[in-house]
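Asks: Take this structure, written in structure tokens, and hold onto it; I'll ask about it next.
The values are calculated or read from the model by the stated rules, or taken from the named source; none is laboratory data. Only a predicted model underlies this, so the values are computations on that prediction, with no experimental measurement involved. Note that each Cβ is placed from the backbone with ideal geometry, even for glycine, and that neighbours are counted across all protein chains shown.
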Amino acid sequence: MPAGFGPIAGLKIGHAQDTSAALGASSLALTGCTVLLHDAADAPASVAEGMVAACDVRGGAVGEHELETLRPGHLVERIHALVLAGGSAFGLDAASGVMRWCEEHGIGFDTGVARVPIVPAAILFDLRLGDPKRRPDAAMGYAAAKAAAQSKADAAVAEGNVGAGTGASVGKLFGIKRATKAGIGCWTEGLPGRVRVAALAAVNAFGDIRDADSGRIIAGARKARGSREFVDVAAAMRRGTVRKGFTDPNTVLVVVATNAALTRIEAQRLAMMASAGMARVVSPAHTMFDGDIVFALSIGEAQTDINALGAAAAEAVARAIVRGVTEARSVGGVLDSRS
């Protein structure tokens with residue numbers, strides 16, 4: 001089934017979230033994080049030491065940790081986990097919890113005196129929905145890594161209001177009250193030779209989300225609070241309705257993972273080609289208010305053409321983003337795409 005995140009040997013995924021209400025608080029926390037963890041025990045021998053990884057940064061409001069380790073030419077060629085988190089820059093603390101979990105389990109780059117886990121992270125802004133004082137922290141990152149490690153290889157990856165998508169929303173030209181709830185979405189594409197590329201998206205875009213086939217807006221900024229009609233953010237901006245100054249940074253964070261064997265340069269090309277899928281369904285995409293990043297992970301030995309793989313990845317990304325809104329549910333006064 002294309003819908004969902006098809007299993008990739010050597011990769012496990014876990015979510016952790018906080019949807020509780022603090023004592024005396026008038027709102028829920030509504031934030032979380034998602035961890036993609038390398039599983040050496042299940043990985044092919046050639047990738048037992050970690051995942052080949054790269055990224056393509058497109059947005060103008062990126063919040064990140066350790067992205068330099070993903071650049072071709074960096075001393076470290078592989079990573080051990082990847083973290084997507086809410087909480088704005090505060091959420092980067094979740095990566096330290098994942099590092100602690102990895103260290104406790106002997107996972108990391110061998111320096112001779114210690115194994116140092118390489119754990120890049122990226123965040124999205126969800127502080128406007130829920131309690132802004134509640135953010136992903138080291139404990140939540142640890143919990144998500146533990147959840148990933150304990151997940152079964154054939155278990156479905158949860159979508160919607162989970163993990164980094166717990167407090168996500170889209171269509172924020174007129175603020176959170178006229179936005180649409182979004183979250184985590186997944187999709188998988190197959191190629192000949194049992195090659196697979198799977199996408200996971202945490203959808204928190206400034207703009208609207210369009211159907212991958214018809215181009216129709218299915219989630220975004222509403223004409224009025226509670227309205228079932230959407231404004232068309234890109235068209236409104238072309239007519240002169242723009243947002244000035246800081247209100248809410250936004251972000252779509254995507255991971256594409258494949259069982260194909262890739263070099264770091266090829267993984268970089270995969271991330272770049274996969275970004276086309278985001279531009280296909282997010283309107284407008286890659287604004288100065290967005291922190292859009294596409295990560296590419298290679299965990300396998302299958303052989304395929306990088307261009308065909310990139311085309312499949314772009315398709316998977318587009319459809320994962322769409323599922324990021326269709327699988328989400330209304331919460332905190334922000335309606336879902338069905339409402």
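Asks: When region 107-161 is examined, which residues are found to be within 18 Å of GLY63 (Cβ to Cβ) and hydrophobic (A, V, I, L, M, F, W, C)?
Replies: Within region 107-161, VAL119, ALA121, ALA122, ILE123, LEU124, PHE125, LEU127, LEU129, ALA138, MET140, ALA144 meet the criteria.
Asks: For region 266-284, which residues satisfy the criterion of being buried (at least 22 other Cβ atoms within 10 Å of the Cβ) and either modelled with pLDDT under 95 or closer than 20 Å to HIS80 by Cα (or both)?
Replies: Listed by number, the residues that qualify are ALA267, LEU270, ALA271.
Asks: Turning to a different aspect of this structure: Going by the structure shown, is ARG319 more than 25 Å from ASP39 (Cβ to Cβ), at pLDDT 95 or above, surrounded by 21 or more Cβ atoms within 10 Å (Cβ to Cβ) and within 15 Å of the chain's Cα centre (by Cα)? Working first, answer last.
Replies: On the way: more than 25 Å from ASP39 (Cβ to Cβ): yes; at pLDDT 95 or above: yes; surrounded by 21 or more Cβ atoms within 10 Å (Cβ to Cβ): yes; within 15 Å of the chain's Cα centre (by Cα): yes.
Taking the combined requirement at face value, the residue satisfies it.
Asks: Does ALA179 qualify as being crowded, with 24+ Cβ neighbours inside 10 Å, closer than 23 Å to ARG210 by Cα, aliphatic (A, V, I, L, M) and over 15 Å from the mean Cα position of the chain (by Cα)? Show your work before the answer.
Replies: Values: crowded, with 24+ Cβ neighbours inside 10 Å: yes; closer than 23 Å to ARG210 by Cα: yes; aliphatic (A, V, I, L, M): yes; over 15 Å from the mean Cα position of the chain (by Cα): yes.
When the stated conditions are applied, ALA179 passes them.
Asks: Additional query: Those residues that are under 23 Å from PRO249 (Cα atoms) and either aromatic (Phe, Trp, Tyr) or under 19 Å from the mean Cα position of the chain (by Cα) (or both), I need them from region 212-230; list them, please.
Replies: ALA219, GLY220, PHE230
Here's the yes/no breakdown for (1) under 19 Å from the mean Cα position of the chain (by Cα); (2) of a type in the set (D, E, K, R):
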{"site": "ALA89", "(1), (2)": "yes, no"}
{"site": "ALA94", "(1), (2)": "yes, no"}
{"site": "THR111", "(1), (2)": "no, no"}
{"site": "ARG135", "(1), (2)": "yes, yes"}
{"site": "ALA144", "(1), (2)": "yes, no"}
{"site": "ALA153", "(1), (2)": "no, no"}
{"site": "VAL157", "(1), (2)": "yes, no"}
{"site": "GLY171", "(1), (2)": "yes, no"}
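Asks: Additional query: Within region 161-176, take every residue that is in contact with a Lys or Arg (Cβ under 6 Å, 6 or more places away or on another chain) and not in a loop (DSSP other than H, G, I, E, B) and give me the one that is surrounded by the most Cβ atoms within 10 Å (Cβ to Cβ).
Replies: Across region 161-176, the extreme among qualifying residues is SER169.
Asks: A further question on this structure: Return the total of residues in region 109-137 being in contact with a Lys or Arg (Cβ under 8 Å, 6 or more places away or on another chain) and modelled with pLDDT of 95 or more.
Replies: Looking only at that region, the number is 1.
Asks: GLU103: part of a helix (DSSP H, G or I) and acidic (Asp, Glu), yes or no?
Replies: So GLU103 fits the description; yes.
Asks: Condition test on GLY32, is it under 21 Å from the mean Cα position of the chain (by Cα), modelled with pLDDT under 95 and of a type outside the set (A, V, I, L, M, F, W, C)?
Replies: Values: under 21 Å from the mean Cα position of the chain (by Cα): yes; modelled with pLDDT under 95: no; of a type outside the set (A, V, I, L, M, F, W, C): yes.
Judged against the criteria, GLY32 is not a match.
Asks: So which residues in region 304-339 are hydroxyl-bearing (Ser, Thr, Tyr) and part of a helix (DSSP H, G or I), if there are any at all? Can you show your working first?
Replies: Initially, region 304-339 is screened for residues hydroxyl-bearing (Ser, Thr, Tyr), giving 304, 326, 330, 337, 339.
If the condition is that a residue be hydroxyl-bearing (Ser, Thr, Tyr) and part of a helix (DSSP H, G or I), then THR326 is the only one that fits.
Asks: Could I ask something else about it? Say we look at region 86-128 and pick out the residues that are over 19 Å from ALA147 (Cα atoms) and among the charged types (D, E, K, R); which of these is surrounded by the fewest Cβ atoms within 10 Å (Cβ to Cβ)?
Replies: Restricting to residues being over 19 Å from ALA147 (Cα atoms) and among the charged types (D, E, K, R), the top hit is ASP110.
Asks: Hey, another quick one. So which strands (runs of 3 or more DSSP E) are wholly in region 197-303 and hold at least 3 residues that are in contact with an Asp or Glu (Cβ under 7 Å, 6 or more places away or on another chain), over 30 Å from ALA45 (Cβ atoms) and touching a residue at least 60 places away in the same chain (Cβ under 8 Å)?
Replies: The strands (runs of 3 or more DSSP E) meeting that bar are 217-219.
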